[in-house]
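*Asks:* To start, I am sharing the structure in question, which I have written as structure tokens.
The values are calculated or read from the model by the stated rules, or taken from the named source; none is laboratory data. What you see is a predicted model; the values in this text were computed from it and never measured. A quick note on method: Cβ atoms are made from the backbone with ideal geometry, for glycine too, and the neighbour counts reach across all protein chains shown. Remember, those area values only see protein heavy atoms, side chains included, never the ligands or the DNA or RNA. Shrake-Rupley method; radii C 1.70, N 1.55, O 1.52, S 1.80 Å.
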Amino acid sequence: MKRSSRNLDPGPSSGKLKFSFFPGCSLKASGHENTLSLLKFCQSMDIDLVELEDWNCCGSSSAHSIDKRSAKYLPMRNLSLAPRGVPLLIACPSCLLRLKSSFLSIKADPALRRDYEDFFEKPFDDELEIIHFFEIFNRVDLKDHMEILAGTLKGIRVAPYYGCMLFMPPDLRYEKSHTGIIEKSLKSLGADIVSYGYANRCCGTYLSVAKPDIARKVVNEIIFKAMEAGAECLVTACSMCHLNLEIRCTLDNPIPVLHFSELLSMALGAEDHKKWFPRHIVDPVPLLKKRGLLA
Amino acid sequence: MILLDDGCPDFAGEMGEKTGIDFNRCLQCKTCANGCPFIDGMDQAPNRIIRMIQFGMAEEVLKTSTIWVCVGCNTCSSACPMAIDIPALMDGLRHAALDRGVEIPEPDILNFHQEVLNTVKKYGRTHKLEIMMRYKLKKMDLFSDMGVGLKMLKKRKLDLTPSRVKDMKAIEKIFQEP
Ligand code: SF4
Ligand code: SF4
């Protein structure tokens, strides 16, 4: 991402949305098509993203499982790097949980705050806003862009897949819920939303590596149910879910799995998708052609 | 509370302190067990883990596969009528199992976590290819699942070189023993 010419200060006259962007390891080092299409989407929506300088891994489940110390300080370091006054936008649902839960604990616990301030030698920023990519849909009037586009996705039958991202642990249960964002936005673009009962079934995350049989079973179940309900594709909002649904599916002729950001960008007329689709195991191009999204 | 003769009566207190969970709140309604997508891979259901803690069955709990198979997806805790943070409990139990040196029934999962942390320690970010290679080496099983590995490489889902943090001093400090 280009950083040079971008200025964090929005300035008095500019109504443009600006965010610091935390990609996380999954988007940065594996789901490139997710990152590229997400950046493209933001560009089309005139939203400025500046990658968080020198961010690190949030620690993910592994630090939480076996190493308390890094589980505590890895998310904290990211908080300490976030520039003041600019919301921190996170695209990966599990990174979001880690950073947000770290932020709220520091806010609530004076001893932890001292620990943070000693460790990183800077004051804790109480005001830092940490938001998920979906929050964009609450802040931008998509209609401005979408009215002309209504119908772009016409006829495509989509099974939205959230995985576990809408499930919050008890300490975050009063945070804003993003239930329905995929349905609402894709519907406004003309897509048919298929309901199949497995939209919130967890994809298995790292069991995909350590317990492939268990992961294969849930993944097949999810995709099978979506196909049975008549979906032509699944749409994911997490790079890790996308990877698992692709690599662990052993069904015959499975439907393609698209990133939410890819479908949005296609609807907004993105043309640089040549780098995205060859990275998919199930090629979405025939479907997109059939539905008139690709020539 | 019923205590077993040979149980460890302080276990519920100890785990409660570590995780902030009051085990007496659990209704044994089994909402957690019914919703868990991975229950087939567990030897004890999540509600039973809580019951066993109440009974002081420390060793038995710490040796379950459940505490390792749980991925912390929050399907259970977001539906639990008593707002019990089951993933936080599982984290606490895993730490206790490692601290006490009990035998880990899911060595592959532990191996995976260790390899993930190794790359974070080295680069500040995870490096999938290295995690997979080293995981397979340690498991001494290079060839099962080869198809998936090759497919991932072909579709460039595994970057060959790691993405790195510049300020590695800061990462070292995080991983330093206090
Ligand atoms: S859902 Fe909550 S209250 Fe019900 S059995 Fe599980 S932990 Fe106990
Ligand atoms: S958090 Fe663990 S116990 Fe709860 S539903 Fe998910 S895998 Fe099952």
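*Asks:* Within region A:57-82, how many residues are within 16 Å of residue B:168 (Cβ to Cβ) and of a type outside the set (Gly, Ala, Ser)?
*Replies:* Of the residues in region A:57-82, 6 are within 16 Å of residue B:168 (Cβ to Cβ) and of a type outside the set (Gly, Ala, Ser).
*Asks:* Next question. Of everything in region A:182-199, what is more than 10 Å from residue A:229 (Cβ to Cβ) and of a type in the set (A, V, I, L, M, F, W, C)? Give them in sequence order.
*Replies:* Taking region A:182-199 first, the residues more than 10 Å from residue A:229 (Cβ to Cβ) are A:182-193, A:199.
If the condition is that a residue be more than 10 Å from residue A:229 (Cβ to Cβ) and of a type in the set (A, V, I, L, M, F, W, C), then A:182, A:186, A:189, A:191, A:193, A:199 are the ones that fit.
*Asks:* Criterion first (open to solvent by 30 Å² or more (accessible area, probe 1.4 Å), at pLDDT 90 or above, more than 8 Å from chain A (Cβ to nearest Cβ) and within 15 Å of the chain's Cα centre (by Cα)) does residue B:107 satisfy it?
*Replies:* Details: open to solvent by 30 Å² or more (accessible area, probe 1.4 Å): yes; at pLDDT 90 or above: yes; more than 8 Å from chain A (Cβ to nearest Cβ): yes; within 15 Å of the chain's Cα centre (by Cα): yes.
Here the answer is yes, as residue B:107 does meet what is asked.
*Asks:* For residue B:128, are the conditions met, namely being within 16 Å of residue A:27 (Cβ to Cβ), open to solvent by 40 Å² or more (accessible area, probe 1.4 Å) and among the basic types (Lys, Arg)?
*Replies:* Numbers: within 16 Å of residue A:27 (Cβ to Cβ): yes; open to solvent by 40 Å² or more (accessible area, probe 1.4 Å): yes; among the basic types (Lys, Arg): yes.
So residue B:128 fits the description; yes.
*Asks:* Take the conditions more than 8 Å from chain B (Cβ to nearest Cβ) and either among the aliphatic types (A, V, I, L, M) or surrounded by 22 or more Cβ atoms within 10 Å (Cβ to Cβ) (or both) and apply them to residue A:199. Does it pass?
*Replies:* Values: more than 8 Å from chain B (Cβ to nearest Cβ): yes; either among the aliphatic types (A, V, I, L, M) or surrounded by 22 or more Cβ atoms within 10 Å (Cβ to Cβ) (or both): yes.
Against the criterion (more than 8 Å from chain B (Cβ to nearest Cβ) and either among the aliphatic types (A, V, I, L, M) or surrounded by 22 or more Cβ atoms within 10 Å (Cβ to Cβ) (or both)), residue A:199 qualifies.
*Asks:* I would also like to ask the following. If I ask for residues that are near ligand 1 (Cβ under 9 Å from one of its atoms) and touching a helix residue (DSSP H, G or I) at 6+ places or on another chain (Cβ under 9 Å), which ones from region B:35-47 would you list? Let's see the steps before the verdict.
*Replies:* Applying the first criterion (near ligand 1 (Cβ under 9 Å from one of its atoms)) to region B:35-47 yields B:35, B:45-47.
Passing the criteria: B:45, B:46, B:47.
*Asks:* Going by the structure shown, is residue B:10 more than 9 Å from ligand 1 (Cβ to nearest atom) and over 22 Å from residue B:98 (Cβ atoms)?
*Replies:* On the way: more than 9 Å from ligand 1 (Cβ to nearest atom): yes; over 22 Å from residue B:98 (Cβ atoms): no.
No, not satisfied.
*Asks:* Could you figure out which of (1) more than 16 Å from the chain's Cα centre (by Cα); (2) in contact (Cβ under 8 Å) with a residue 12 or more places away in the chain; (3) assigned to a helix (DSSP H, G or I) isn't true of residue B:79?
*Replies:* Here residue B:79 clears every test but (3).
*Asks:* Scan (1) open to solvent by less than 20 Å² (accessible area, probe 1.4 Å); (2) within 12 Å of ligand 2 (Cβ to nearest atom) for the single condition residue B:72 breaks and write down its number.
*Replies:* Every listed condition holds for residue B:72 apart from (1).
*Asks:* In this structure, does residue B:112 turn out to be more than 14 Å from ligand 2 (Cβ to nearest atom), farther than 24 Å from residue A:93 by Cα and free of Cβ contacts under 8 Å to residues at least 60 places away in the same chain? Before the answer, list the steps.
*Replies:* Working: more than 14 Å from ligand 2 (Cβ to nearest atom): yes; farther than 24 Å from residue A:93 by Cα: no; free of Cβ contacts under 8 Å to residues at least 60 places away in the same chain: yes.
So residue B:112 does not fit the description; no.
*Asks:* Of the residues that make up region A:51-65, is at least one away from chain B (no Cβ under 12 Å) and not polar (S, T, N, Q)?
*Replies:* Taking region A:51-65 and keeping what is away from chain B (no Cβ under 12 Å), we get none.
No: zero hits.
*Asks:* Can you pull out every residue in region A:174-190 that is part of a loop (DSSP other than H, G, I, E, B) and touching a residue at least 40 places away in the same chain (Cβ under 8 Å)? Steps first, answer last, please.
*Replies:* Residues of region A:174-190 part of a loop (DSSP other than H, G, I, E, B): A:174-180, A:189-190.
Within region A:174-190, A:175, A:176, A:178, A:189, A:190 meet the criteria.
*Asks:* Can I ask one more? Looking at region B:62-76 only, could you name the residues that are in a loop (DSSP other than H, G, I, E, B) and within 9 Å of chain A (Cβ to nearest Cβ)?
*Replies:* First, pick out the residues of region B:62-76 that are in a loop (DSSP other than H, G, I, E, B): B:63-65, B:70-76.
Matches in region B:62-76: B:71, B:72, B:73, B:74, B:75, B:76.
*Asks:* Follow-up. What are the residues in region B:16-34 that are more than 10 Å from ligand 1 (Cβ to nearest atom) and either charged (D, E, K, R) or in a loop (DSSP other than H, G, I, E, B) (or both), if any?
*Replies:* In the first step, residues of region B:16-34 are kept if they are more than 10 Å from ligand 1 (Cβ to nearest atom); the result is B:16-20, B:22, B:24.
Selection gives B:17, B:18, B:20, B:22.
*Asks:* Restricting the search to region B:78-101, which residues are open to solvent by 30 Å² or more (accessible area, probe 1.4 Å) and away from ligand 2 (no atom under 12 Å from the Cβ)?
*Replies:* B:81, B:82, B:83, B:98, B:99, B:100, B:101 - these are the residues of region B:78-101 that are open to solvent by 30 Å² or more (accessible area, probe 1.4 Å) and away from ligand 2 (no atom under 12 Å from the Cβ).
*Asks:* Only one of A:163, A:151, A:180 is more than 20 Å from the chain's Cα centre (by Cα) and not assigned by TED's automatic domain parsing to the domain that holds residue A:22. Can you tell me which?
*Replies:* Working: A:163 fails: more than 20 Å from the chain's Cα centre (by Cα); A:180 fails: more than 20 Å from the chain's Cα centre (by Cα).
Only one candidate passes the filter, namely A:151.
*Asks:* Just one of the numbered conditions (1) within 15 Å of residue A:19 (Cα to Cα); (2) under 20 Å from the mean Cα position of the chain (by Cα); (3) not polar (S, T, N, Q) is not true of residue A:99; which one?
*Replies:* Status for residue A:99: all satisfied but (1).
*Asks:* Another question about this same structure. Checking residue B:123 against (1) assigned by TED's automatic domain parsing to the domain that holds residue B:19; (2) under 21 Å from residue A:205 (Cβ atoms); (3) open to solvent by 10 Å² or more (accessible area, probe 1.4 Å), which test does it fail?
*Replies:* (1)
*Asks:* Just need a number here: residues in region A:26-37 that are within 9 Å of another protein chain (Cβ to nearest Cβ) and either acidic (Asp, Glu) or free of Cβ contacts under 8 Å to residues at least 60 places away in the same chain (or both). Lay out the reasoning, then the answer.
*Replies:* Within region A:26-37, the subset within 9 Å of another protein chain (Cβ to nearest Cβ) is A:26, A:28-32.
With either acidic (Asp, Glu) or free of Cβ contacts under 8 Å to residues at least 60 places away in the same chain (or both) added as a condition, the list becomes A:28-29.
Total satisfying the criteria: 2.
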